[in-house]
Amino acid sequence: MPMRVLIVEDDDRIRAVLRLALEDEGYQVAEAADTPSALAEVRSTLPDLMMVDLMLGEVDGYTCIREVRRMTDIPIVIVSARSDTHDIVAGLEAGADDYVTKPFQIKEITARLRALRRRLRSSTDPVEADVILDAGPDRRLVLSTSRGAVTLDGSDVPLTVTEYRLLVELAQPPGRVLSRSALLASVWEHGYYGDERIVDVHIRRLRTKIERDPGKPQIVVTMRGMGYRLDPQ
């Protein structure tokens, strides 16, 4: 069954171009011109992937992404003319997995989506064993690749595909220091050459979900000037 992509874009011409290109790639495409329509589509059909513009009229793309994140962890790609780093970081903080700035090349769009599809398929790739992490006093965090899940004190932690893949990469094996560029190459997979701060944004989001005090992380540790390290128990 083809993967379903929802395009959230208020420019009819851009939606038409994206639809044709993605249908040629074998995707099943749905469209929405504004945030209310997009949210209704997510509730009714739950697409596999989403592409969201940031400028959507009265209810902007940031709000759209945040509301979708309340419902599902499906991968979201921002496609926007806002190329300022602050705008992009705000979109990622809202819950997006990746971004493409306008004007864009169709090949870049399809490459990003293919990378997200690989990330989805590999989200249950096994590590040698489940990884048990020290999340603080009397707290137990388990990365279970056999289930493709993370639990904190026995309760599932709702991670996005990108957050999960970051944790898996850092756990192969734990204690290894990975630079931002190495994480970009292994997690984003598609020759991403943009701002490496995209890694920092996703690490911050991951920490808010697994650390007792995200400001003083004990699990995903920053190695200044080097990158990040996962500290096992």
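The values are calculated or read from the model by the stated rules, or taken from the named source; none is laboratory data. Bear in mind that the values here come from a model prediction, so they are computed numbers and not experimental data. Using ideal geometry, Cβ is built from the backbone for each residue, glycine included, and neighbour counts are taken over all protein chains shown. Areas reflect the complete protein model, heavy atoms only, side chains present, ligands, DNA and RNA absent. Shrake-Rupley method; radii C 1.70, N 1.55, O 1.52, S 1.80 Å.
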Rounded to a whole %, the carbon-and-sulfur portion of the accessible area of the stretch 19-115 at a 1.4 Å probe is 47
Tell me the mean residue ellipticity at 222 nm calculated for the chain from its helices only (DSSP H runs of n ≥ 4, each -39500 (n - 2.57), averaged over every residue, nearest 500). -11500 deg cm²/dmol
Helix 197-210 versus the longest principal axis of the chain: what angle, 0 to 90°, nearest 10, using Cα atoms? 60
Treating the angle as unsigned and between 0 and 90°, give the value, to the nearest 10°, between the Cα long axis of helix 61-71 and the longest Cα principal axis of the chain. 60
Taking a probe of 1.4 Å, how large is the accessible area per residue of the chain, in Å²? 47
Quick one: Cα centre-to-centre distance for the stretch 1-58 and the stretch 66-113, in angstrom? 13
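What percent antiparallel are the DSSP beta bridges of the chain, to the nearest 5?
Working: 17 of 33 bridges.
The antiparallel fraction comes to roughly 50 percent.
What ranking, highest mean first, results for peptides 197-205, 159-167, 102-110 when packing means the other Cβ atoms within 10 Å averaged over each residue?
Values: 197-205: 19.3, 159-167: 23.7, 102-110: 13.1.
So the order, starting with the most tightly packed, is 159-167, 197-205, 102-110.
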Out of [x] 125; [y] 138; [z] 148, which label holds the value of volume of the Cα convex hull per residue in Å³ that was computed here? [x]
Rounded if a/c is under 1.5, else prolate if a/b is larger than b/c, else oblate: which is the stretch 21-105, with a ≥ b ≥ c the root eigenvalues of its Cα gyration tensor? oblate
